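K.L.:
Here it is, the structure, as structure tokens.
Any read-out appearing in this document is the output of simple, stated calculations on the displayed coordinates, not a laboratory observation. Being a predicted model, the structure only gives us computed values, none of them experimental. So basically every Cβ, Gly included, is an ideal-geometry build from the backbone, and we count neighbours across all protein chains shown.
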Amino acid sequence: MAPKPGSADGRTRSSFQIFIVIGLCLFFYILGAWQRSGFGKGDSIAMEITKTGSDCNIVSNLNFETHHGGEVETIDESKSKTKMFESCDAEYTDYTPCQDQKRAMTFPRNDMIYRERHCPVEEEKLHCLIPAPKGYVTPFTWPKSRDYVPFANAPYKSLTVEKAVQNWIQYEGNVFRFPGGGTQFPQGADKYIDQLAAVVPIKDGTVRTALDTGCGVASWGAYLLSRHVLAMSFAPRDSHEAQVQFALERGVPAVIGVLGTVKLPYPSRAFDMAHCSRCLIPWGANDGKYLMEVDRVLRPGGYWVLSGPPINWKTNYKSWQRPREELEEEQRKIEEVAKLLCWEKKSEKGEIAIWQKRVNADSCRDRQDDSQDIFCKSPVSDDVWYEKMETCITPYPNVESSDEAAGGELKTFPARLYAVPPRISSGSVPGISVQAYQEDNNKWKRHVKAYKKINSLLDTGRYRNIMDMNAGLGSFAAALESSKLWVMNVMPTIAEKNTLGVIYERGLIGIYHDWYLSLYSFLLYDFSSSYTFNIQFNLCEDEIQKIILFSSSRTCFSLLQ
């Protein structure tokens with residue numbers, strides 16, 4: 001039988017069409033992979049802001065009820081009032097208002113006052129959007145971001161020179177590489193943490209929250225994350241750049257901060273461990289005031305780690321180029337204050353010393369009777385925002401037996417994430433019952449489920465850091481808990497109930513903040529530059545509900561009210 005006319009041509013056309021379809025599929029697959037790999041440019045919104053200014057606007061008719069089914073209401077934009085915000089000049093790329101260097105230099109140098117928060121007066125506040133650095137790209141996803149940061153995202157090379165021999169950071173082509181080294185852990189943070197874990201119960205979940213004072217680029221906190229420990233790292237803003245910007249670009253929790261004259265913005269009994277590795281804090285000075293502040297935020301039974309000077313001064317005083325007598329006196333003062341705080345020294349090996357805080361006051365019978373005069377008289381130990389640091393010891397909560405942990409026993413992580421926190425079971429937070437706590441957990445599980453329907457990338461690694469701007473009981477962060485992301489829980493100072501202590505008891509981290517100062521400047525005063533956090537939820541101010549949602553590029557956001 002003769003072939004039908006045109007059949008060969010039909011087969012050719014079909015083959016060509018199949019080839020085109022396959023080619024398009026491969027193209028879009030590669031395009032999607034490229035966009036999510038971290039090598040692509042930032043979102044188009046961010047690009048436009050950096051170049052020409054912002055199209056972000058204020059929408060006045062937003063419905064704030066969470067849609068549990070994931071549906072989204074249509075907003076009638078014709079009825080909304082729109083206000084445009086220009087992009088700030090490029091010179092403000094690294095600007096952090098309450099940490100502005102020009103303003104800082106006008107304040108006294110003693111006790112690090114000049115490196116504390118000094119916010120601009122109203123007429124000096126910016127009403128524009130901070131631009132991302134030129135060429136800013138989407139950060140690498142975790143865990144690659146722990147070790148690599150695009151140079152364009154934090155274009156500052158001075159640390160590669162200043163810390164060249166300490167293995168902090170290296171510049172390689174168009175990226176920074178973080179080898180995991182540090183002044184006190186030249187063999188890497190992992191091996192250093194192994195040394196600590198020989199004394200501190202890190203592996204079993206007993207230690208979940210940690211405080212790293214003078215953190216540098218936060219490599220200690222970065223490597224603790226693989227061990228399910230969340231470290232709140234802080235360091236002052238240096239004259240050349242904010243070191244914590246590198247930490248945040250790496251995907252590690254960090255804030256700008258310093259131990260100076262005001263209390264740390266954390267509740268009492270918050271951290272399971274506190275750490276200082278050559279953090280240059282004069283621990284024995286000011287009658288032990290700084291160690292007393294660490295004691296306040298350290299949980300009963302928690303650990304304090306000090307590595308570097310003056311520990312093992314007899315061996316190292318020459319290499320440190322410091323007088324023997326000076327180092328000896330420095331360690332003597334530290335030991336003296338630690339004894340006054342009733343800390344037990346668990347280990348001193350090489351240049352690492354580890355103390356443990358007692359579990360309750362009954363364990364401190366060795367303390368002299370006259371030490372009672374140095375206990376803090378303030379009845380509210382968590383009222384810390386802009387409060388002056390005191391040279392006094394925060395009392396333990398009362399216990400009924402000598403083996404009871406003051407403030408309540410905590411389960412190991414992850415069980416403590418949903419266990420009833422002691423502050424709630426004891427009734428320490430007025431108006432929050434066990435039932436209300438459990439209902440709040442269930443509510444936020446539903447909310448997060450709805451969020452994931454709206455934004456399918458929420459728990460894929462695309463968003464590494466999320467800020468809950470009115471954290472409540474931390475249930476949002478608990479519902480999102482994942483190795484792929486972390487949540488900064490913020491407790492507004494105007495909140496009706498102070499529940500930040502509850503959040504820490506759940507094994508989460510957070511900070512007090514006064515949003516009223518920063519809201520209309522559209523800037524984050526303490527979290528390094530304004531393009532730091534991926535997504536932000538639940539801002540509450542003066543009984544007006546507001547939400548700030550950052551674009552995934554960390555640059556542009558809309559204020560919805």
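K.L.:
Kindly state, to the nearest 0.05, the FRET efficiency for LYS345 paired with LYS318, given R0 = 22 Å and r defined as their beta-carbon distance.
P.N.:
0.30
K.L.:
Let me ask you something else. Just order 479-488, 270-279, 86-95 by mean Cβ neighbour count inside 10 Å, highest at the front, would you? Let's see the in-between values first.
P.N.:
Working: 479-488: 19.7, 270-279: 23.8, 86-95: 15.6.
Going from most to least packed, we get 270-279, 479-488, 86-95.
K.L.:
Extending each Cα 7 Å along its Cβ direction at GLN435 and HIS118, get the distance between those two points in nm, one decimal.
P.N.:
Reported label-point gap for GLN435 and HIS118 is 5.3 nm.
K.L.:
Please give the peptides 284-291, 422-429 ranked by average Cβ packing (other Cβ atoms within 10 Å per residue), highest first, as a rough proxy for protection. Write down the numbers at each step before the final one.
P.N.:
Numbers: 284-291: 19.1, 422-429: 17.0.
In descending order of packing, they fall as 284-291, 422-429.
K.L.:
To continue, here is another question. Rounded to the nearest 0.05, what FRET efficiency do ASN398 and LYS203 give with R0 = 30 Å and r taken as the Cβ-Cβ distance? Could you check? Spell out each step's value before the answer.
P.N.:
Details: r = 32 Å, r/R0 = 1.06.
It comes to 0.40.
K.L.:
Taking a ≥ b ≥ c as the square roots of the Cα gyration tensor eigenvalues, with a/c under 1.5 meaning rounded and otherwise prolate when a/b beats b/c, else oblate, which class fits region 409-490?
P.N.:
Details: a/c = 2.21, a/b = 1.77, b/c = 1.25.
Note, shape of region 409-490 comes out prolate.
K.L.:
Using a cut-off of 19 Å between alpha-carbon atoms, which lysines can reach LYS157, once sequence neighbours fewer than 8 places away in the same chain are excluded?
P.N.:
LYS134
K.L.:
At what distance in angstrom do the alpha carbon centres of region 437-508 and region 109-142 lie from each other?
P.N.:
Result: 25 Å between the Cα centres.
K.L.:
Right, here's the next one. For the cross-link pairs LYS263/LYS377; LYS314/LYS349; LYS289/LYS377; LYS191/LYS314, which exceed 19 Å when the distance is taken from alpha carbon to alpha carbon? Walk me through the numbers before you get to the answer.
P.N.:
Working: LYS263/LYS377 15 Å; LYS314/LYS349 13 Å; LYS289/LYS377 15 Å; LYS191/LYS314 24 Å.
Too far apart for the 19 Å limit: LYS191/LYS314.
K.L.:
Something else now. Packing-wise, with mean Cβ within 10 Å as the measure, how do 179-186, 318-325 rank, highest first?
P.N.:
Numbers: 179-186: 19.1, 318-325: 10.6.
Answer by packing, highest mean first, reads 179-186, 318-325.
K.L.:
At 0.36 nm per residue, and after removing the present C-alpha to C-alpha distance, how many nm does the segment from SER226 to VAL175 gain when stretched out fully?
P.N.:
Working: separation 51, 0.36 × 51 = 18.36 nm, distance 2.28 nm.
Here the answer is 16.1 nm.
K.L.:
Further, regarding this structure: Compute the distance in nm between two label points, each set 7 Å from the Cα along the Cα-to-Cβ direction, one at HIS127 and one at LYS453.
P.N.:
Reported label-point gap for HIS127 and LYS453 is 4.0 nm.
K.L.:
Pull out a ≥ b ≥ c, the square roots of the eigenvalues of the alpha-carbon gyration tensor of region 246-288, then state rounded if a/c is under 1.5, prolate if not and a/b is larger than b/c, and oblate in the remaining case. Mind dumping the intermediate values first?
P.N.:
On the way: a/c = 1.90, a/b = 1.50, b/c = 1.26.
It comes out prolate by the Cα gyration axes.
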